[in-house]
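Since the structure comes first, as structure tokens, the remarks are kept for the end.
Derivation of every value follows stated rules applied to the coordinates shown; laboratory data play no part. Because the structure is a prediction, the values reported are computed rather than measured. Neighbour counts are summed over all protein chains in view; Cβ atoms, including those assigned to glycine, are modelled from backbone coordinates with ideal geometry.
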Amino acid sequence: MTENAIELRGLRKTYAATARSEAKDALKGVDLDIPRGSIFGLLGPNGAGKSTLINILAGLVNKTEGSVKIWGFDQDVNPRQSRAAIGIMPQEPNLDPFFTPGGSLDVQAGLYGVPKSQRRTKEILDLIGLADKEHAYARSLSGGMRRRLLLGKALVHSPQILVLDEPTAGVDIALRNQLWDNVRDLNAQGMTIILTTHYLEEAEEMCDDIAIINHGEVIVRDSTANLLGRLDSKTLVVQPTQSAPVPALPDGITGQTRDDGALAFTYSSAKTSADTILNIIRDAGISIRDISTEQSDLEDVFLELTKS
Ligand code: ADP
Ligand code: MG
């Protein structure tokens, strides 16, 4: 038995040309392993291919080539088992306005063949904070409530893997926090979580492992900690009392004058200490009015990797 929740090999998707658009290679041969039990982030700019990948996992989009294994089941060989192992909260809301939250969850459970006696409608409504809306019409729900209902629908068949496609795009902070609390709880109970986002802070905050996808290709796959460690560059910003040029610097430190007259020194925190830089500044006779540091974050890694 494999240890991975998801295994993709040589996954390709070409959307056929239409009268209006040319054929599009949305995925260009993706190999990816997603470990069981993790919170995994699929990160990439708009149009990178994230939803295409997720929709292939969900069985909503047909792959052009390659293999997809979900919880050890090949999608082509064991479609029923591979589908049962995964629940998807889609990017585009697809709620029927005539169903109540209770009804939606019931219909969804029916679609997945969950017997009435094993349905967890009440429990899920509690989890997503819609217990008091069980019988309200979906069209009367706020945007945030609809999102939560989508999460609930993804959970009706108790999947081992939960996939959330841009779950927080355009949602307010309260809902975002609630979603993350839900997700962390589910993960603590053993559920593997995969989320796509183009918000870097979100991936940094939530995910154990990250794959960065760009133009249909996975360009990086690493733990969040390693990714952040790859860029240990720090910037020390000094506001001089009187305007001053950047002093001569040894190898490994670069300096720059900013528009406001501040001197910004960028260095590797593993190789150089802030003290070294402060000594250079003092030796150059520059007196310091103010000082601050800037750390690199995933944004820098991301920009570095996706610039092309
Ligand atoms: P992401 O979710 O990362 O923003 P998508 O997977 O939605 O990216 O899109 C990847 C590329 O495939 C984009 O260029 C997009 O325009 C194209 N694409 C997505 N869905 C379709 C479709 N149904 N038909 C044709 N092209 C599509
Ligand atoms: Mg998308």
Using a Förster radius of 35 Å, what is the FRET efficiency between Ser223 and Ser273 based on their Cβ-Cβ separation? Nearest 0.05, please.
0.85
Please work out how much length the chain gains when fully extended from Glu294 to Gln256, using 0.36 nm per residue of separation minus the C-alpha to C-alpha distance, in nm with one decimal.
12.3 nm
Violating pairs (Cα-Cα greater than 18 angstrom) within the set Lys13/Lys50; Lys234/Lys271; Lys24/Lys63; Lys234/Lys307; Lys24/Lys307; Lys13/Lys307:
Lys234/Lys307; Lys24/Lys307; Lys13/Lys307
Counting only other residues whose beta carbon sits under 13 Å from that of Ala23, what net charge do I get with K and R as +1, D and E as -1?
+3
Points 7 angstrom from Cα along the Cβ direction at Tyr112 and Thr64: gap in nanometres?
3.1 nm
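To the nearest 20 Debye, how big is the dipole of the chain about its Cα centre, given +1 on the beta carbon of each Lys and Arg and -1 on that of each Asp and Glu?
1160 debye
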Given 0.36 nm per residue, what is the gain on full extension from Tyr199 to Glu123 after removing their alpha carbon distance, in nm?
24.3 nm
Return the calculated 222 nm mean residue ellipticity for the chain, to the nearest 500 deg cm²/dmol, obtained by summing -39500 (n - 2.57) across DSSP H runs with n ≥ 4 and dividing by the residue count.
-9000 deg cm²/dmol
Qualifying chymotrypsin sites (Phe, Trp or Tyr not before Pro) in the stretch 95-190, DSSP loop, other Cβ atoms within 10 Å at most 10
Phe98
At a Cα cut-off below 26 Å, give the lysines reachable from Lys122, other chains included and same-chain residues fewer than 8 away excluded.
Lys133, Lys153
Normalised contact order of the stretch 4-228, rounded percent, pairs of Cα under 8 Å and 6 or more residues apart:
29 percent
At a Förster distance of 51 Å, what's the computed FRET efficiency of Ala284 paired with Arg9, Cβ-Cβ distance as r, to 0.05?
0.35
Of all trypsin sites (Lys or Arg not before Pro) in the stretch 235-308, which ones are in loop regions per DSSP and have a Cβ with at most 12 other Cβ atoms within 10 Å?
Arg258, Lys271, Lys307
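Longest segment of the chain with no GluC sites (Glu not before Pro) in a DSSP loop having at most 13 other Cβ atoms within 10 Å?
23-308
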Out of all DSSP beta bridges in the stretch 4-228, what portion is antiparallel? Express it as a percent rounded to 5.
55 percent
Run the numbers for Leu249 and Lys307: contour at 0.36 nm per residue of separation, minus the present Cα-Cα distance, in nm.
18.1 nm
Answer with one residue from Ala248, Leu125, Ala109: the one whose Cα lies farthest towards the positive end of the charge dipole of the chain, charges on Cβ with Lys, Arg +1 and Asp, Glu -1.
Ala109
What's the FRET efficiency of Glu134 with Gln160 using the Cβ-Cβ distance as r and R₀ = 22 Å, to the nearest 0.05?
0.25
